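The values are calculated or read from the model by the stated rules, or taken from the named source; none is laboratory data. The shown structure was predicted, so the numbers you read here are calculated from the model rather than taken from an experiment. Cβ coordinates were reconstructed from backbone atoms using ideal geometry, including for glycine residues, and neighbour counts include every protein chain displayed. Just so you know, the surface numbers come from the protein's heavy atoms only, side chains and all, with ligands and any DNA or RNA stripped out. Shrake-Rupley method; radii C 1.70, N 1.55, O 1.52, S 1.80 Å.
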Amino acid sequence: MSLARRATPEDAEELVRLRKVMQDSYLGPDPDVSWQIAAVATLRKKLADPDADLTAFVVERPGGLAACAVGTIEYRLGGPGNPHGTSGYVFSVATDPDRRRRGHSRACMEALLAWFRERGVHRIDLRASPDGEPLYASLGFVRTPDPAMRLTLEDGPVGPSRL
């Protein structure tokens, strides 16, 4: 059985490495790594604050991390089914290819879901890859009819972004 622990600022580089593993696995390899410096800085800052609305849970392996799940709490106006307007969002659930099928992502997800419960968050969203969908379904996630759309504001013309 895998044991997940809450990530620390020292895990930031490995969390970003695993995020790239995840992105490359379903978007294809991308040589652009310019985003990684900013992502590491953001993670270091957020993970240093125990009350931050972003956290991660990880499973270790010799020399680094084997898996992770990152989540954040988002705030909107309340509405039917969610009067307080809080929702969780899960992203960067990743496992190194040579460490898959050992329960690492499940352990990270279960720890992350417990963190959401402790914070009073009852609605949690994520986007599932075909490989990840069976895990999420086994944890109780279901498909929703809510279509996602995105606008990326940049200095140049608006166009699609990787994530």
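Given the range 69-149, report the % of alpha carbon pairs whose separation exceeds 21 Å. The answer is 30 percent, as a whole percent. Rolling a 1.4 Å probe over the protein heavy atoms of the chain, with every protein chain left in place, gives an accessible area that is 56 percent carbon and sulfur. With only the Cα atoms considered, the range 1-81 has a convex hull volume of 162 Å³ per residue. For the chain, adding -39500 (n - 2.57) for each run of n ≥ 4 DSSP H residues and dividing by the number of residues yields -10000 deg cm²/dmol at 222 nm. In the full protein context, the chain carries 63 Å² of accessible surface per residue, based on a 1.4 Å probe and ignoring ligands, DNA and RNA. In terms of the mean number of neighbouring beta-carbon atoms within 10 Å, the peptides 109-121, 39-51 order highest first as 109-121, 39-51. Cα centroids of the range 9-48 and the range 97-158: 17 Å apart.
For the chain, the normalised intensity computed at q = 0.19 Å⁻¹ comes to -1.41 (log10 of I(q)/I(0), Debye sum over alpha carbons, equal scatterers, no solvent).
At full extension, Glu60 and Leu135 could sit 25.0 nm farther apart than now, given 0.36 nm per residue minus the alpha carbon distance.
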